Amino acid sequence: QCDLQGLWRNELGSNMTILATNTAGTFSGSYHTAVAATNKQMLVSPLQGVQQHPSARRPPMFGLTVQWQFSDSTTVFVGQCFVDHDGKETLE
């Protein structure tokens, strides 16, 4: 089973921290992007999300919204969390 809680880094250098997921599947955290089309300082921005209830038959799906603190925009991400044979978790 995949656990979304913790620090995640992507190949572009952005960092996302997800706090504990509650029993309803909702979570909060922060996102610090390393990539943006702006000259402003890229600030750590809050995120809110929800994870589908885990199923033994498929990797859990999730969605999250980031309200950027340095821009008048919002981004929505959706994906799945996978665990490989060595126990490494990956978000796709």
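Points worth noting:
- For region 21-79: relative contact order, % (alpha-carbon pairs under 8 angstrom, 6 or more apart): 28
- Once backbone amide H atoms are built at 1.01 Å from N, G29 has L19, L47 as its partners under 5 Å, excluding neighbours fewer than 5 places away on the same chain.
- Over the chain, accessible surface divided per residue gives 67 Å², non-protein components excluded, 1.4 Å probe.
- With the simple model of a label 7 Å out from the Cα in the direction of the Cβ, F82 to A37 spans 2.9 nm.
- Protein heavy-atom surface of region 6-91, 1.4 angstrom probe: 53% of the accessible area is carbon and sulfur, with nucleic acids and ligands not counted.
- Region 12-35 versus region 40-92: alpha-carbon centroid distance in Å: 6
The values are calculated or read from the model by the stated rules, or taken from the named source; none is laboratory data. Keep in mind the model is a prediction, meaning the values are calculated, not measured. Cβ coordinates were reconstructed from backbone atoms using ideal geometry, including for glycine residues, and neighbour counts include every protein chain displayed. Areas reflect the complete protein model, heavy atoms only, side chains present, ligands, DNA and RNA absent. Shrake-Rupley method; radii C 1.70, N 1.55, O 1.52, S 1.80 Å.
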